[in-house]
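The values are calculated or read from the model by the stated rules, or taken from the named source; none is laboratory data. Treat the numbers as computed from the prediction; the structure is a model and nothing was measured. FYI the Cβ positions are ideal-geometry reconstructions off the backbone, even for glycines, and counts take in every protein chain you see. Surface accessibility is based on the protein's heavy atoms, side chains included, excluding ligands, DNA and RNA. Shrake-Rupley method; radii C 1.70, N 1.55, O 1.52, S 1.80 Å.
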Amino acid sequence: MLTALFFYLFASLTVISGFMVVFVKNPVHAVLFLILAFFNVAGLFLLLGAEFLALTLLIVYVGAVAVLFLFVVMMLDVDFAELKSGFLNYLPAGLFVGGILLAEIIMVSGAWILNPALSTLEKVKEIDPTVTNTENFGKVLYTDHLYYFEAAGIVLLIAMVGAIVLTLRQRDGVRRQDIATQVGRQPKDAMEIKKVETGQGI
């Protein structure tokens, strides 16, 4: 009974937060509602016994991705009024893409009704009940899906480099490091040896 109560609580807050992310006008408030949605989804993962996914969701998405969204929105200072002015121009394309996504969701959901045998298929990989959930997850991720995991890491690395290049601005009058000059510096360029006679000083 208590588990069902928490499930409906987390699920309802997740759905409400998702709608608020889409319909709220202030982008900063949208990111905050997104963080709230992540917290509630983490609660659902805990109810399912997937504690590793719950903590990963909080650490990676809330601690990095959502905060990054917030910083990008505040740093770029996007004129959202100008973006909304051309909303009707992109409405047909948005409806087309949304229709495709809706059709895919209906097809996936309806497949279980049209073919009930899908629910009786054997599992791809049996889970060892003698080890923890995190260890089972690591075995599957770093053995069966290692190449996909590495490919995702490469994509994220490229996205990170692209974000740095887009936001990097060259400003005049700012002293910067010249690595080649520092590496090629010789002792004679850094100091000068003076031979001082006894009793004369410098």
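General remarks:
- Residues in the stretch 4-16 carry Karplus couplings, in order, of 5, 4, 5, 4, 5, 5, 5, 5, 5, 5, 5, 5, 4 Hz; the curve used is 6.51 cos²θ - 1.76 cosθ + 1.60 with θ = phi - 60°, and Gly or Pro positions show x.
- Point-to-point label distance, MET191-VAL22, nm (Cα→Cβ direction, 7 Å offset): 6.9 nm
- Spin-label model distance (nm) - MET74 vs LEU48, 7 Å beyond Cα toward Cβ: 3.2 nm
- Projected label points at VAL183 and PHE6, each 7 Å from Cα along the beta carbon direction, are separated by 5.5 nanometres.
- Accessible surface ranking for MET160, MET20, 1.4 angstrom probe, highest first: MET160, MET20.
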